[in-house]
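The values are calculated or read from the model by the stated rules, or taken from the named source; none is laboratory data. All figures in this text were calculated on a predicted structure; none of them were measured in a lab. Glycine also receives a Cβ, built like all others from the backbone with ideal geometry; neighbour counts cover every protein chain displayed. In case anyone asks, the SASA skips ligands and DNA or RNA and just uses the protein heavy atoms, side chains included. Shrake-Rupley method; radii C 1.70, N 1.55, O 1.52, S 1.80 Å.
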Amino acid sequence: MEEGELIRSAKSGDKSAFAMLFHQNYSFLVKYLMKVTMNPDTAEELAQETMARCIEKIHLYQGKSKFSSWLISIATNLYIDQQRKKKREKNWQQQEEIYRKLKWQLESRNEEWTDALSALGKLADDVRIPIILKHYYGYSYDEIGEMMKLSSGTIKSRVHNGILAVRKELRLNG
Amino acid sequence: MDERKEEIEKENLDESFFTTIKEIEVGLESVEQYAPVYTPNLEWFENMVVEKKQQLRKKLIFDVSIFSIVALLVLSVVLFTLYNIPVVFFALQGLVAIFIIGYFSIRLIKQVKET
């Protein structure tokens, strides 16, 4: 069944259509959240919350963007809200603790944890997310602005400043 | 001479900017390729959907019940005061009207001051 058809069925309450949509997009969603949160456990928890929110809000999905983009948008806002509630201090030690598991997972597969990932991990969430969406997923500034409910100008400057910060960090380490 | 120097600096900046982006991409690609993700089977997703829908239905019933109870309470108080103590009823009407006018006036003044 095609995605459009699945969405129509899901909107009419078909649980199998929902299940197929989630099954198809789960890995994509979790991997996106891993890059954003840098924490596999948080990524999985957020993916489940995202799916729950999707069931609740499916009637609002207009089909203007791809379903996976809509999921990313929900997940991003859930994560930002969660972080805002926590209001925790962005402490480097803490952040290192957070991405230790992901680092270990990559290293156990003989994959190097790069300095760029460490530098990315040090950035604030609202800077890291637009960089990932722009330079890994290829979304435009307008699309990211729509997802994060910010102007495209703000997104552009956050991406630019974020990359400058990463560059500085890499130079310090290099 | 200065212009040439500036140009070279700009070129270096562009290049290091591009290199940084490339390094970020490589790092993120390694997460994409090598971070293990276990996707549960379809049945698990179906159960999750059913469970979530049940929760939503329960929440809806709870919200509607609370709304109805509060609405009935407010209506009872209004009707009671109207038929038994009309003075209180009209005083309440007056107070609510003053409150609404005051609230919107203050908001309007604030908006005008901000612009």
- Task: Would you tell me the accessible area of A:Ile98, worked out with a 1.4 angstrom probe on the heavy atoms of the protein chains, in Å² to the nearest 10?
- Result: 40 Å²
- Starting from the Cα of A:Ser27, step 7 Å along the direction of its Cβ; do the same at A:Lys11; then give the gap between the two resulting points in nm. 2.9 nm
- Compute the long axis of helix A:15-37 from its Cα atoms, compare it with the longest principal axis of the Cα atoms of chain A, and write down the angle in degrees, 0 to 90, nearest 10. 10 degrees
- Estimated FRET transfer efficiency (A:Glu49, A:Leu164; beta-carbon r; R0 35 Å; 0.05): 0.60
- Item | Choice from A:Met20, A:Met51, A:Met38 with maximal GNM fluctuation in chain A (Cα, 10 Å cutoff) | A:Met20
- Roughly how many nanometres apart are two label points built 7 Å out from the Cα toward the Cβ at B:Val88 and B:Val26? 7.8 nm
- Item | Label zone at A:Lys57 (point 7 Å along Cα-to-Cβ), backbone N below 15 Å, region A:137-156 | A:144-150
- Note on the structure: Net charge near A:Val159 (other residues with Cβ under 12 Å of its Cβ; Lys, Arg +1; Asp, Glu -1) is +3
- Query: Relative to the longest principal Cα axis of chain A, at what angle does helix A:152-173 sit, 0 to 90 degrees, rounded to 10?
  - Reply: 40 degrees
- Message: Please compute, for peptide A:105-111, the average count of beta-carbon atoms on other protein chains lying within 10 Å of each residue's beta-carbon.
- Response: 4
- So what J values fall out for region B:40-49 if you push phi through Karplus, 6.51 cos²θ - 1.76 cosθ + 1.60 with θ = phi - 60°, rounded to Hz, Gly and Pro as x? x, 7, 4, 4, 4, 5, 4, 4, 4, 5
- Query: Of the listed peptides A:152-165, B:87-100, what is their order by residue-averaged count of other C-beta atoms within 10 Å, with the highest listed first?
  - Reply: A:152-165, B:87-100
- Treat the protein assembly as shown as a sphere of radius equal to its Kirkwood radius over Cα pairs and apply Stokes-Einstein at 10 °C in a medium of 1.306 mPa s; give the translational diffusion coefficient in µm²/s, rounded to a whole number. 69 µm²/s
- Task: Return the inverse of the average 1/r over all pairs of distinct C-alpha atoms in region A:1-93, which is the Kirkwood hydrodynamic radius, in Å to one decimal.
- Result: 13.9 Å
- Message: How shielded is A:26-32 by partner chains, expressed as the average number of their Cβ atoms within 10 Å of its Cβ atoms?
- Response: 4
- Task: Evaluate peptide B:38-44: per residue, the Cβ atoms of other protein chains within 10 Å of its Cβ; return the mean as an integer.
- Result: 4
- Item | Rg(Cα)/(2.2 N^0.38 Å) for region A:114-174, N = residue count | 1.10
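For chains A and B, what's the summed buried accessible area, probe 1.4 Å, to the nearest 100 square angstrom?
Buried area between the two chains comes out at roughly 3600 Å².
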- Query: Mind checking the dipole of chain A: about its Cα centre, +1 per Lys or Arg Cβ, -1 per Asp or Glu Cβ, Debye to the nearest 20?
  - Reply: 540 debye
- Query: How far is helix A:125-135 tilted, in degrees, relative to the longest principal axis of the Cα atoms in chain A, given as a value from 0 to 90 rounded to the nearest 10?
  - Reply: 70 degrees
- Message: Pick from A:Glu111, A:Glu49, A:Glu146 the residue whose mean-square fluctuation is largest in a GNM of chain A, springs joining Cα atoms under 10 Å.
- Response: A:Glu111
- If R0 = 35 Å, then B:Val50 and A:Lys86, at their Cβ-Cβ distance, give a FRET efficiency to the nearest 0.05 of 0.70
- Would you mind telling me which residue in A:Arg109, A:Arg100, A:Arg84 has the biggest mean-square fluctuation in a Gaussian network model of chain A, where springs connect alpha carbons within a distance under 10 angstrom? A:Arg109
